[in-house]
Amino acid sequence: MKLNRGLILAALAAACSKPAPAPVYQAVPVERRNIVVSAQASGSVQPDTTVQVKSKASGEILEIKVQTGQLVKRGDLMVTIDKRQPQNDVNQAQANLDVAKATQTHALAQLGRAEELYKTRSIAETDYEQASLDMANAKAAVISAQVNLENAKIALEDCEIRAPITGMVIEKDVERGQVISSPTRDVGGGTVLLQMADLNLVQVKTLVDETDIGKIQAGQQATVTVNAYPNRPFNGTVLKIEPQSTTTNNVTMFSVLVRIANRDGLLLPGMNTDVEVHVGRRDSVLALPNAALRTKKDVASAAGVLGLSPQAVLQQLASLPQPGDTSNKVTIAAKGTDSAKPAGNTMTTQDGRTITLPAGVSEEKVKAIFAKFRSGDTPTDAERAILQQVRAANGGGMGGGAGRKSGGAQAGPDTRFGGDYIVFVRRGGVLTPVRVRTGITDLDYSEVIAGLTEQDSVLILPSASLVASQADLKERVNRMTGGGIPGMKSATSTAAPAAAAPARP
């Protein structure tokens, strides 16, 4: 047993005494590519417009003329209610109107005779005034009877429930013979007969994680797929983002509504969907792998992997300006002002912004490219390359292409995407840390806003967690061997006692 333990320790010592292998990394060129970013979530189909159909009339349901799934037009008869009581009310109101009209005719004749008698002073003035009052009351009674008759006719018409919108019957809540109540008389809201929905437009309500919600805006395009039609995607548009969040399993989500045209009626309420919101797209832009990006926290470990001094690398980074700073900063000034105009080769766009032009690019060429964008024409690859140079010269701002902020404020980068990172490149045969600013990313590649050119190649290094785990493994091995194998010398240990046995080969 002791011999086996000695052999194991000797093997461990031999493994630890081997020289560390040279760092392995891959140099990847910075090249142009298309980057498409999307946010994916799941949801369900909901009608864009849903209406609960109720009856103003109370009574027994005599007939239901529609069924669920049936498409009806506005005004079509759907349900019939017992009309006997409303019909009796109409007859009574008509009789009251006839009496009121007869009373008005009598009062009118009485008023005429009273006028003749009053002219000859055959009756007193009070008698004449009473006749006038009777005539006014009779006229009011006629108007009241007419209103009551009209209301009775409306109540009779309410016994026929017609479609309030053009749409599909999605739910039937009553059956023939059921007695229903009216929402105008019942404090409980009345009986729901049917539910209708306009399925020409539908909505998909989906929950999006808070980390992605900042990238989604109303009006963005979306692609929706359902299990019923897996090979047929449906195009939609983001309608709005609900402001109230929902927390599930300690994950904060926000509801996003996507509106879809459903003229064919293929999408039905309740269908489960997969939604892909097209957040952004960049064509033919400089891009680098995300694996090459480093933050300030893991720069030291990356320098150690490359055999560089972490302190020297940090000092070198401290002396470097942020990408897009100083001469590369874009400044926006109001028309007619020169106080904010940057030094060097500049131009003023149509909306009053002053931008810096990169070396070798003329103002006429940039204006021609901007005019081509405004007209809707597709620029060439060479023109896209010039625009990329303009972006880099102005700290990532799209010179002349983006809208100007009010009040002459300074333009800022799109905070929805990207950030400032550090990459290692080989320039002049020397490994050099470089600050870069990135834009839109698809989790594999990131758009390069500033800091790199097409002539650069970035180094893909082991992750900081991998380096830390390797160091931790080495430390555990050292602890397991008690700081060294008996009879051997360590670079960090003192000389072994004279009585110690020599290490076996």
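The values are calculated or read from the model by the stated rules, or taken from the named source; none is laboratory data. Worth saying up front: this structure is predicted, and the values here are computed from it rather than measured. Cβ atoms come from the backbone with ideal geometry, glycine included; neighbour counts cover every protein chain shown. Accessible surface areas use protein heavy atoms only, side chains included; no ligands, DNA or RNA. Shrake-Rupley method; radii C 1.70, N 1.55, O 1.52, S 1.80 Å.
General remarks:
Here's the yes/no breakdown for (1) in a loop (DSSP other than H, G, I, E, B); (2) modelled with pLDDT under 90; (3) crowded, with 16+ Cβ neighbours inside 10 Å; (4) of a type in the set (Ser, Thr, Tyr):
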residue: Val142; (1), (2), (3), (4): no, no, yes, no
residue: Ala152; (1), (2), (3), (4): no, no, yes, no
residue: Leu156; (1), (2), (3), (4): no, no, yes, no
residue: Ile161; (1), (2), (3), (4): no, no, yes, no
residue: Arg176; (1), (2), (3), (4): yes, no, no, no
residue: Pro183; (1), (2), (3), (4): yes, yes, yes, no
residue: Asp186; (1), (2), (3), (4): yes, yes, no, no
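- Any hit, the range 229-248, residues being assigned to a loop (DSSP other than H, G, I, E, B), farther than 30 Å from Leu71 by Cβ and either open to solvent by 60 Å² or more (accessible area, probe 1.4 Å) or in contact with a strand residue (DSSP E or B) (Cβ under 7 Å, 6 or more places away or on another chain) (or both): no
- The range 77-103, residues that are free of Cβ contacts under 8 Å to residues at least 40 places away in the same chain and among the hydrophobic types (A, V, I, L, M, F, W, C): Ala95, Ala102
- Output for the range 188-217, where each listed residue is open to solvent by less than 40 Å² (accessible area, probe 1.4 Å), under 22 Å from the mean Cα position of the chain (by Cα) and of a type outside the set (S, T, N, Q): Val202, Val204, Val208, Ile213, Ile216
- Among the residues making up the range 253-293, a single one is loosely packed, with under 13 Cβ neighbours inside 10 Å and without any contact (Cβ under 8 Å) to a residue 60 or more places away in the chain: Asp264.
- Extreme residue, modelled with the highest pLDDT, among residues of the range 411-452 that are assigned to a loop (DSSP other than H, G, I, E, B) and exposed (fewer than 13 other Cβ atoms within 10 Å of the Cβ): Asp444
- Where a residue in the range 50-63 is farther than 20 Å from Thr166 by Cα and its partner, wherever it lies, is part of a strand (DSSP E or B) and among the hydroxyl-bearing types (Ser, Thr, Tyr), with Cβ under 9 Å and at least six apart: Ile61/Thr80; Leu62/Thr80; Glu63/Thr80
- Residue satisfying all of: in the range 249-269; among the hydrophobic types (A, V, I, L, M, F, W, C) and either within 30 Å of Thr68 (Cα to Cα) or assigned to a loop (DSSP other than H, G, I, E, B) (or both); nearest to the chain's Cα centre (by Cα) among these: Val256
- Any hit, the range 239-253, residues being modelled with pLDDT of 90 or more, within 11 Å of Gln203 (Cβ to Cβ) and among the charged types (D, E, K, R): yes
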